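The values are calculated or read from the model by the stated rules, or taken from the named source; none is laboratory data. Just so it is clear, the model here is predicted, and its values are computed rather than measured. So basically every Cβ, Gly included, is an ideal-geometry build from the backbone, and we count neighbours across all protein chains shown.
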Amino acid sequence: MYCGDDVSSCVLDIGHYETRAGYSGEDQPRSVMPSIVGTYDHTVTMPVNQQEDVEMAGEDGPVMINTGEAPKTKLEKRIICGSSALNFKRDNMQIESLYQQDGMINFDFLE
């Protein structure tokens with residue numbers, strides 16, 4: 001039975017300024033990135049054929065029903081992380097911290 005120190009575990013340090021990730025037993029973290037994210041609302045246009053709940057199937061295969069409706073749009077909240085992605089300018093982007101005002105981590109950003 002071998003009981004050496006080759007067992008490595010992942011270490012994740014989420015700080016107020018930066019987040020560091022790496023393996024135990026190494027001198028430096030493998031990844032260092034800022035503990036901020038950018039959020040913005042992105043408009044998504046759904047085609048008319050994807051708005052239908054039921055797909056009709058005929059003898060020749062699927063049949064698309066055109067109801068004459070305009071494509072529907074919805075807003076999705078996009079989350080951007082990493083220093084290179086945050087440096088790219090986007091309209092209406094807000095920079096937010098991983099930590100809330102009461103000191104708790106906002107777990108929606110960690111997904």
Can you find a residue in segment 61-84 that is more than 30 Å from residue 109 (Cβ to Cβ), hydrophobic (A, V, I, L, M, F, W, C), at pLDDT below 80 and not in a loop (DSSP other than H, G, I, E, B)?
yes
Give me the pairs: first residue in segment 6-20 and closer than 17 Å to residue 100 by Cα, second residue hydrophobic (A, V, I, L, M, F, W, C) and at pLDDT 90 or above, beta-carbon distance under 7 Å, and six or more apart or on different chains, which are they?
18/32
For segment 28-43, pairs from a residue that is within 30 Å of residue 8 (Cβ to Cβ) and at pLDDT 90 or above to a residue that is part of a strand (DSSP E or B) and of a type in the set (S, T, N, Q), with Cβ under 9 Å and 6 or more apart or across chains, are 31/19; 32/19
